[in-house]
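Input: a single structure, listed below in structure tokens.
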Amino acid sequence: MMIPSFTDTPSGNESGVFLAVDFGGTNLRCLLIKTELNTIRNKVQRSMVLDPKIPTGEILFSTIASFIVEFLEENKSFLEPRPEVLPVGFTFSFPIQQTSIASGKLIMWTKEFVASGVVGKDVVELLHAELAKRKYEWVKVVALCNDTVGTLCASTTEHPTAKIGVILGTGSNACYQERMEAITKINQEGASSSSSSSSEAASKKMIINMEWGGYDGFPSTPEDDEVNHMTRKQGQQRLEKMVSGRYLPMLVRVCMNKCIRCGWILNCFDQEKIGVWDKNEELSLIEIGKVEHDRSPNMDMARSFIIRFCEDKSLDKNAIPLHEVVLIRSLFHAIVVRSARYAAVAISTLIQHIVTTGEQLEELTVAIDGSVYHKHIGYKEELHASVDKCCKSLMMGPTPPEVHVVGTQDGSGLGAAIIAAVQVAH
Ligand code: GLC
């Protein structure tokens, strides 16, 4: 899926007060931002956890609108005097068929979200309707964007050579800057209504949301297929299910249970006492990381962890032979390393596309955000090393650019505000 975003990276001259509403995989966030010449002068924010099992779109959008209203009430002083219109950048981190910079219909839910009645609808209209019910018509979405697009736009101030935005978090996705003439989905009318900055007017570009989580060309294992069967969107989002934080614990669970069933591990215990390992699906990526990095001689922490997810929690953790605990640690590590390497291959191939089809670049920066990238110990290093290796082995044209991979934080929210600012400036 390649979705035009109807925006380009900002020019750096945008100023004003903006609200960013960031609705992603796990959290809903509001940020009020004062910008001056693209520099953030002041910012307040608040977030809440959102349950992906929210059953209807009505409940979902009413929750988002109420949260916005509460947040603005709390931060009234930030807005004094109250503007006639408060421009909003709305980050909606799901596949959206964007029809303009401030409108787009949800193509499908990903990351196991279920809310009914939203697919096919314009998410900006749904939010505006809920805001209007609360007499907040003055809060108006002027820019709708994906979190990858926000990440890329927010990073260009510090990294002017940024061309790619990547999210490695609950979900996984990337966007990149494409030449307008290469975007066959948009005609020239669309090009002129898009928001290219003046400096780039001559060689128009637009950011493309790739929705790469839907790519299905990487080799998969029977365990990947089992995870796929357990999910709501079977057969879809295959890369996301091998790479992202929502699915890595599922993959670990499936692999552990297979190893137990086959008698490769934990056969010191009665299988009935083990039951289905992690039956209640409580395993988190943080715990996977802890086991992966347990380097103590007897691996006590890893042992306790293995028992914690068995049916009978009174099993003796010291009965597990050390080589099995080491094997389990390697299994977890392999799953995480594969995620980083698949992501690296995807990033490098995208770099190759940009440098072999676009203008000559001396430097190219990839901006990455997301909990897996930032919080999982060792992930960043594995990813950076793999991008390096892949870039060396791929054909990158006669003078390959210097590639920088940088971590960015908060991009999905800040980027939305910056894109809103670009809209207002136009
Ligand atoms: C999922 C969504 C995509 C988003 C990504 C990261 O893949 O479909 O739009 O960018 O998660 O949050």
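Each reported figure results from applying straightforward, stated rules to the coordinates on display, with no laboratory input. If you're wondering where the values come from, they're calculated on a predicted model, not measured in any experiment. Glycine gets a Cβ as well: all are built from the backbone with ideal geometry, and neighbour counts include every protein chain shown.
Points worth noting:
- Shape call, the range 252-291: gyration tensor on alpha carbons, a/c limit 1.5: prolate
- Assuming charge only on the beta carbon of Lys and Arg (+1) and of Asp and Glu (-1), the dipole of the range 78-189 about its Cα centre is about 200 debye to the nearest 20.
- Measuring between alpha carbons in the structure, the pairs from 273/317; 290/375; 233/279 lying more than 19 angstrom apart are 233/279.
- For the listed peptides 177-184, 218-225, a ranking on the average number of other beta carbons within 10 Å per residue, highest first, reads 177-184, 218-225.
- Neighbour-count order for 164, 335, fewest beta carbons within 10 angstrom listed first: 335, 164
- Here is the list for the range 249-289: GluC sites (Glu not before Pro) lying in DSSP coil, each with at most 14 other C-beta atoms within 10 angstrom of its C-beta, are 281, 282.
- Over the chain, relative contact order from alpha-carbon pairs under 8 Å, at least 6 apart, %: 21 percent
- In the chain, inverting the average of 1/r over every pair of distinct C-alpha atoms gives 22.8 Å as the Kirkwood radius.
- Residue order, fewest to most beta carbons within 10 Å, for 246, 329, 82: 82, 329, 246
- Helical mean residue ellipticity (222 nm; -39500 (n - 2.57) per DSSP H run of 4+; nearest 500) of the chain: -12000 deg cm²/dmol
- Taking other C-beta atoms within 10 angstrom as a stand-in for reagent exposure, 376, 384, 229, 353 fall in the order 229, 353, 384, 376, fewest first.
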